[in-house]
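Input: a single structure, listed below in structure tokens.
The values are calculated or read from the model by the stated rules, or taken from the named source; none is laboratory data. Note that this is a predicted model, so its numbers are computed, not measured. Neighbour counts run over all protein chains shown; Cβ positions are idealised from the backbone, glycine included.
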Amino acid sequence: MALMIKLALLTGMRKGEILALQWDNVDFATNTIHIQHSLSYTKEYGYHLKEPKTKGSIRKVAPPRKFMDELKKHIYTKKTERMEAVELWEGGKCYFVFSSDLGKPFHLDSPNRWWSRFLKRTGFKKIRFHDLRHTAATNLLNKNANIHSISKRLGHSNIKTTMNIYGHYLEEADQKIADMLDEDYI
């Protein structure tokens, strides 16, 4: 689960996109993750892969190389689990990055439950799992990343969506700059 949390914080991926991620979507040669699906669950169909939220949500993101190194270690563990499962494999043709030992995708509530327990155990401020996506975007804004690039990374359909969600943060940052300039004003 820690690797899943890191992925959310580093890429801004939605929970459904993380849970739908398969190993053939991870390209270690180019250091990219291809986001092509979102995991969904219905009583009628059970788990199924669907198109992401918007057309812009089908995208590539490049996590830090150190994270990709951790992901390489994780794939070794998952390959071992798959070989040991043999006929008990529940993943079908899918080979999810985050799954049970037998290949079944995690339930959509699993990350939320784990995250909630983690926050309670550590005493950190309670935030939703989805807020990790907002933290990723805010972190990029703090690092002066281009708002258009952030919008594409998050898979927003257009930059207006990003501005509507994070515009207040940009205004706060501008006010902090004004306050810094006030200190130097003669």
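For this structure, a couple of remarks:
- Filter result (touching a residue at least 40 places away in the same chain (Cβ under 8 Å) and either among the β-branched types (Val, Ile, Thr) or surrounded by 20 or more Cβ atoms within 10 Å (Cβ to Cβ) (or both)) within the range 17-46: GLU17, ILE18, LEU19, ALA20, LEU21, VAL26, ILE35, LEU39
- Among the criteria (1) more than 14 Å from LEU21 (Cα to Cα); (2) without any contact (Cβ under 8 Å) to a residue 24 or more places away in the chain; (3) exposed (fewer than 14 other Cβ atoms within 10 Å of the Cβ), the one GLU51 does not fulfil is (1).
- Just one of the numbered conditions (1) part of a loop (DSSP other than H, G, I, E, B); (2) basic (Lys, Arg); (3) farther than 21 Å from LEU154 by Cβ is not true of LYS72: (1).
- Test: residue in the range 91-102 that is among the charged types (D, E, K, R), outside any helix (DSSP H, G or I), under 16 Å from SER40 (Cα atoms) and touching an Asp or Glu at 6+ places or on another chain (Cβ under 9 Å): no
- Of all residues in the range 145-186, those that are loosely packed, with under 13 Cβ neighbours inside 10 Å, at pLDDT 80 or above and small (Gly, Ala, Ser) total 2.
- Residues being in contact with a His (Cβ under 8 Å, 6 or more places away or on another chain) and either under 17 Å from ALA8 (Cα atoms) or in a strand (DSSP E or B) (or both) - total across the range 40-56: 6
- Hits in the range 167-183 - residues which are over 15 Å from ALA145 (Cα atoms) and of a type outside the set (Asp, Glu): HIS168, GLN175, LYS176, ILE177, ALA178, MET180, LEU181
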